[in-house]
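Step one of this worksheet: look at the structure below.
What follows is calculated from the coordinates using simple rules that are stated; it is not laboratory data. Just so it is clear, the structure is predicted and the values come from calculations on it, not from any experiment. For neighbour counting, all protein chains shown are included, and Cβ atoms are generated from backbone atoms with ideal geometry for every residue, glycine included.
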Amino acid sequence: MMALDVTQIPISTLLILLIAVMLNLISNFVIKKKVNLEYAREVQTAYNAFQREFREALKSGNLEKIEKLKKKEKQMREMMMKVNNERMKASLYFFIPFIILFIAINSIFGGKIVALSPFQFNLWFVKTIAPVDGLFGLDFISWYILTSISSNLIISKLMGTSP
């Protein structure tokens, strides 16, 4: 019986995608349980309205309104800081375990091509590393970042945890 080699495409591609989805599900579940999302949305909406009003006051040159809004700015920043701190605290539940898991998985897949892309790109850490049969290979870090970001966008929308 032949052993399953998880470092070979397409198994590596699908396995890393599955890991990214599972980790995003866990992190969004923790956020949903630990963060007051209703309050966070209210604060975000109020802050966005404040920013719009402040920009309009600056554009119109209304000094009286600018001064009034500058006094309110500290309160708005404090409210946003409170929301951001709440999210940061929630991330502490899973950050270190995720880093340890990431290092362990990287030791298995590190340096190997785990996925293929139809086009070549180089966006800092996310980049193709080698041509493979007319396609471009992605290493573990690049593929994990791509799958993690894209799956988190979907999962956070579905779970209602996106800011």
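Which residue pairs have Cβ atoms under 7 Å apart, sit 6 or more places apart or on different chains, and have a first residue in the stretch 55-81 that is farther than 27 Å from residue 38 by Cα and a second that is of a type in the set (Lys, Arg) and assigned to a helix (DSSP H, G or I)?
Hits for this filter: 57/65.
If we scan the stretch 126-135, do we find a residue that is outside any strand (DSSP E or B) and more than 12 Å from residue 20 (Cβ to Cβ)?
Here is the first cut: in the stretch 126-135, the residues outside any strand (DSSP E or B) are 133-134.
Still in the running and more than 12 Å from residue 20 (Cβ to Cβ): 133-134.
So far as the stretch 126-135 goes, yes, one or more of its residues are outside any strand (DSSP E or B) and more than 12 Å from residue 20 (Cβ to Cβ).
Select from the stretch 101-125 the residues that are in a loop (DSSP other than H, G, I, E, B) and among the hydrophobic types (A, V, I, L, M, F, W, C) and write down the one among them that is farthest from residue 27 (Cα to Cα). Break it down into steps so the answer makes sense when it comes.
As a first pass, look at the stretch 101-125 and keep what is in a loop (DSSP other than H, G, I, E, B): 110-112, 118-121, 124-125.
Cutting the leftovers down to among the hydrophobic types (A, V, I, L, M, F, W, C) gives us 119, 121, 124-125.
On the way: 119: 31, 121: 29, 124: 25, 125: 22 Å.
Here the answer is 119.
Residue by residue through the stretch 18-77, note down the ones that are touching a Lys or Arg at 6+ places or on another chain (Cβ under 8 Å) and of a type in the set (Lys, Arg).
Within the stretch 18-77, 34 is the sole residue that qualifies.
With the requirement that a residue be among the aromatic types (Phe, Trp, Tyr) and buried (at least 17 other Cβ atoms within 10 Å of the Cβ), what does the stretch 113-162 give you? Lay out the reasoning, then the answer.
Initial filter on the stretch 113-162 (among the aromatic types (Phe, Trp, Tyr)): 119, 121, 124-125, 136, 140, 143-144.
Hits for the stretch 113-162 are 136, 140, 143, 144.
I'm checking my understanding of the structure. Among residues of the stretch 3-21 that are touching a residue at least 60 places away in the same chain (Cβ under 8 Å) and either surrounded by fewer than 16 Cβ atoms within 10 Å (Cβ to Cβ) or among the β-branched types (Val, Ile, Thr) (or both), which one is farthest from residue 104 (Cα to Cα)?
Kept after step one, since they are touching a residue at least 60 places away in the same chain (Cβ under 8 Å), are these residues of the stretch 3-21: 6-7, 9, 12-13, 16-17, 19-21.
Subsequent filtering for residues that are either surrounded by fewer than 16 Cβ atoms within 10 Å (Cβ to Cβ) or among the β-branched types (Val, Ile, Thr) (or both) retains 6-7, 9, 13, 16, 19, 21.
On the way: 6: 14, 7: 14, 9: 19, 13: 17, 16: 13, 19: 12, 21: 17 Å.
This residue is 9.
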